[in-house]
1. Label points 7 Å out from Cα along the Cβ direction at residue 142 and residue 216: separation in nm?
2. For region 155-245, how big is Rg over Rh, using alpha carbon atoms and the Kirkwood form of Rh?
3. Which entries in the list 47/101; 101/185; 9/103; 185/252; 103/124 go over 29 Å, if you measure between the two C-alpha atoms of each?
4. For 83, 244, 92, write out the residues from largest to smallest accessible area, computed with a 1.4 angstrom probe and no ligands counted.
5. So if I place +1 on the C-beta of Lys and Arg and -1 on the C-beta of Asp and Glu, and nothing else carries charge, what would the dipole magnitude of the chain be about its Cα centre? I want it in debye, nearest 20.
6. Quick one: helix 162-173 against the long Cα principal axis of the chain, what's the angle to the nearest 10°, folded into 0 to 90?
7. Looking at the chain as a GNM with Cα springs under 10 Å, which of 162, 221, 239 has the largest mean-square fluctuation?
8. For region 6-106, what class follows from the C-alpha gyration tensor (a ≥ b ≥ c being the square roots of its eigenvalues): rounded when a/c is under 1.5, otherwise prolate if a/b is larger than b/c, else oblate?
Amino acid sequence: MSDRLSVFKTYKLYVGGKFPRSESGRVYEVTDSKDNWLANAPLSSRKDARDAVVAARKAFGGWSGTTAYNRGQVLYRVAEMLEGRREQFTREVADAEGLSKSKAAAVVDATVDRWVWYAGWTDKIAQVTGGANPVAGPYFNLSSPEPTGVVAVVAPQESSFLGLVSVVAPVIATGNTAVVIASEKAPLPALSLGEVLATSDVPGGVVNVLSGRTAELAAPLAAHQDVNAIDLAGADEALAKELEMAAADNLKRVLRPQPVDYFETPGIDRMTAFLETKTVWHPTGSLGAGGSSY
């Protein structure tokens, strides 16, 4: 009989491509659906939130400047890495959401497929949302989508993995960077996702994952002057109202919480919610039967 002791996993934040503990050193207990202890998760502070915004802003230039095709390759790589850790995530999702092993496996499979779905959209969304506009004059008028910037994401509380990926993937697929607040009661799948992102060619700072009290972390992010948008998917009605008011200070884009079946195939709404449109006018010159005057 072996006397070997199991090595318990230490869950950490994922900020700027690194795995720090909370700046405050605080942790909180995470339990399963039957109130059994699973792990201690970092209890992030406002300082951790500000550090995550700094990392996201630093990464934005490089990520938004990457070709859409290359971003798709990176997202597909995330799906590959998740597939390889399917058993681990099945176990974590089962514990987090009180699901049977078969139902948790179905959630993980749907999550991997969701990454692939958004990976395929990276170089197609511009064709759907941009284009040439008809104008009454001798001009070319062209519109093209551009990422908004740094997006704060309040991840869904109940759907700790599929819901999480369903709100994070569209943000980064379009060239934004993200600061994610994981589900307060079930943060472990999100913290493990950080480990996958770190080994999937996703540049450090593109996705930053925080765990802790949702309201405590969301408030400073909603009011932060260097955050350009916020997704309130995991906020309740009262908190969403407070955050929306704070976000108005620097005219953040706000995506309010709404009932969603995350198993359904998503549309493009979550991608277009965090895109700006740049329109360029250019004179055509005198075009006639004889051709261009250039």
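The values are calculated or read from the model by the stated rules, or taken from the named source; none is laboratory data. All values derive from a computational prediction rather than experimental measurement. Positions of Cβ are backbone-derived with ideal geometry, glycine not excepted, and every protein chain shown enters the neighbour counts. The accessibility values were calculated without ligands, DNA or RNA, using every heavy atom of the protein model including side chains. Shrake-Rupley method; radii C 1.70, N 1.55, O 1.52, S 1.80 Å.
1. Calculated label separation equals 5.0 nm.
2. On the way: Rg = 12.6 Å, Rh = 13.4 Å.
With Rh from the inverse mean 1/r over Cα pairs, Rg/Rh is 0.94.
3. Working: 47/101 37 Å; 101/185 20 Å; 9/103 24 Å; 185/252 27 Å; 103/124 32 Å.
From 47/101; 101/185; 9/103; 185/252; 103/124, over 29 Å: 47/101; 103/124.
4. Numbers: 83 100, 244 70, 92 20 Å².
Order by accessible area, largest first: 83, 244, 92.
5. Details: 29 positive and 33 negative charges, 128 e Å.
Rounded to the nearest 20 debye, it is 620 debye.
6. The angle comes out near 30 degrees.
7. With Cα springs under 10 Å in the chain, the top fluctuation among 162, 221, 239 is at 239.
8. Working: a/c = 2.76, a/b = 1.23, b/c = 2.25.
In terms of gyration-tensor shape, oblate.
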